[in-house]
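A short write-up of the structure that comes next.
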Amino acid sequence: DRSGTYMLLETPGHGKSSEPYIMELTSFHGQLDTRFYTEENEWKYSGIFYSDPKNLLEVKVEAGETPEEGFTLNAVAGGKLELRDYKGNKVNGFDTLTARAYMYAYKKIHFETPAKLLSYAQIDSLRKLKPWFRVSIKDAKTGPKSVDLYHMPNRGGAVDLEGKPLPWNPERAYGLISNGDVVVVQLGVFDKVLRPISAFVRKVPVL
């Protein structure tokens, strides 16, 4: 009648129960077997970055297609921040308030799902490509973490303002996490960390 699921209770040291039970969830109508899937990747924690800003020692963003937009933010003595450009040159007079607010973005950056539709050959090819972006951090408590982002082909028919097909998916990208997992990420989530160095440089008003 699809209102319950037969289950056997298994207790460590005692084995399985001698009789099956009919299990159900309150206010849920249906079978429970779909709740007990065994795909390992579906159970993995989806967090990529989950750092307290007070523990961040360094944040580095490398832009593969526009290297000059990359930057590094370092925490230095006295709780201050230091900004360097993609060549490692120190940048003076940057907007420290904007930079501190930016560090809070790393409290919760998650991927959407494992890249289940990619074959082993496709994943191997992806690893050989130059990343579109590489975002890496050094955390005083959890250690270093990074993710390489790669364009995802536009298979949904998205177009630009002139009606021309976009070469890449405007909403999602592939991500290669430092633990080796290949995942799908939402660009709406990553937009808050994929900032150019110009976002921190104070603009001089034109008189």
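The values are calculated or read from the model by the stated rules, or taken from the named source; none is laboratory data. Nothing here was measured: the structure is a model prediction, and the numbers come from that model. Heads up, the Cβs are rebuilt from the backbone with ideal geometry, glycines too, and the neighbour counts pull from every protein chain shown. The accessibility values were calculated without ligands, DNA or RNA, using every heavy atom of the protein model including side chains. Shrake-Rupley method; radii C 1.70, N 1.55, O 1.52, S 1.80 Å.
Could you work out the relative contact order of segment 157-207, using alpha carbon pairs under 8 angstrom and six or more residues apart, expressed as a whole percent?
20
In segment 74-181, which chymotrypsin sites (Phe, Trp or Tyr not before Pro) fall in coil by DSSP and have 14 or fewer other Cβ atoms within 10 Å?
Here no chymotrypsin sites (Phe, Trp or Tyr not before Pro) fit, given the DSSP loop and packing criteria.
Work out from phi, with θ = phi - 60° and the Karplus expression 6.51 cos²θ - 1.76 cosθ + 1.60, the ³J(HN,Hα) of each residue of segment 23-31, listed in order in whole Hz, and give x for Gly and Pro.
With coefficients 6.51, -1.76 and 1.60, one gets 9, 8, 10, 4, 6, 10, 10, x, 7 Hz.
In nm, to one decimal, how far is the modelled label at Arg127 from the one at Asn74, with both set 7 Å along Cα→Cβ?
Each label point lies 7 Å from its Cα, and together they span 3.2 nm.
All other residues with a Cβ under 11 Å from the Cβ of Asn41 taken together, and with Lys, Arg as +1 and Asp, Glu as -1, what is their net charge?
That works out to -2.
If the label point is 7 Å along Cα→Cβ of Asp85, which residues in segment 93-113 have backbone nitrogen under 16 Å from it?
93-95, by backbone N distance to the label point.
How high is the relative contact order of the chain, in percent, with contacts defined as C-alpha pairs under 8 Å that are six or more residues apart?
Computed over the chain, the figure is 19 percent.
In a GNM of the chain with a 10 Å cut-off on Cα contacts, which of Glu112, Glu40, Glu68 has the highest mean-square fluctuation?
Glu40
Under the classification rounded if a/c is under 1.5, otherwise prolate if a/b is larger than b/c and oblate if not, where does segment 151-207 fall, given a ≥ b ≥ c as square roots of the Cα gyration tensor eigenvalues?
Oblate shape, in that a/c is at least 1.5 and b/c is the bigger or equal ratio.
Can you give me the accessible area per residue for segment 154-207, using a 1.4 Å probe, in Å²?
Value returned for segment 154-207: 67 Å² of accessible area per residue.
What chymotrypsin sites (Phe, Trp or Tyr not before Pro) does segment 21-62 have in DSSP loop regions with at most 12 other beta carbons within 10 Å?
Listed in order of number, the matching sites are Phe28, Phe36, Tyr37, Tyr45.
What is the ratio of the Cα radius of gyration of the chain to 2.2 N^0.38 Å, with N the residue count, to two decimals?
Normalised Rg, Cα atoms only: 1.39.
With a sphere of radius 14 Å drawn around the Cβ of Ala63, what net charge do the other residues whose Cβ falls strictly inside it have (Lys, Arg +1; Asp, Glu -1)?
Around Ala63, the charge tally is -2.
Largest first and to the nearest Å, give the Cα extent of segment 19-60 along each principal axis.
56, 23, 20
Quick one: if you stick a label point 7 Å off each Cα along the C-beta vector at Tyr37 and Asp160, how many nm between them?
Computed distance between label sites Tyr37 and Asp160 equals 3.7 nm.
Using a 7 Å offset from the Cα along the Cα-to-Cβ direction at both Phe28 and Glu171, what is the distance between the two label points in nm, to one decimal?
2.7
Report P(r) for segment 52-147: all Cα-Cα distances, bin width 10 Å, range 0 to the bin holding the largest distance, values in whole percent.
13, 40, 30, 13, 3
Taking amide hydrogens as modeled 1.01 Å from N in the peptide plane, which residues meet the under 5 Å criterion relative to Asp181, leaving out close sequence neighbours?
Long-range HN contacts for Asp181: none found.
Would you work out the relative contact order for segment 89-163, in percent, from Cα pairs under 8 angstrom that are 6 or more residues apart?
Computed value for segment 89-163: 18 percent relative contact order.
Starting from the eigenvalues of the Cα gyration tensor, five times each then square-rooted, give me the equivalent ellipsoid semi-axes of segment 112-205, largest first, whole Å.
In descending order the semi-axes read 24, 23, 11 Å.
Explain nothing, just the number: dipole magnitude of the chain about its Cα centre with +1 on each Lys and Arg Cβ and -1 on each Asp and Glu Cβ, in debye rounded to the nearest 20.
980
Can you give me the pair-distance distribution of segment 24-96, C-alpha pairs, 10 Å bins, whole percents?
Going out from 0 Å in 10 Å bins, segment 24-96 shows 14, 27, 20, 12, 13, 12, 1 percent.
Taking all protein chains together and a probe of 1.4 Å, list Lys164, Lys145 from the most accessible to the least accessible.
Result of the area sort, largest leading: Lys164, Lys145.
Assign one of three labels to segment 1-44, namely rounded, prolate or oblate, based on the Cα gyration tensor with a ≥ b ≥ c the square roots of its eigenvalues; rounded applies when a/c is under 1.5, prolate when it is not and a/b is larger than b/c, and oblate otherwise.
Oblate.
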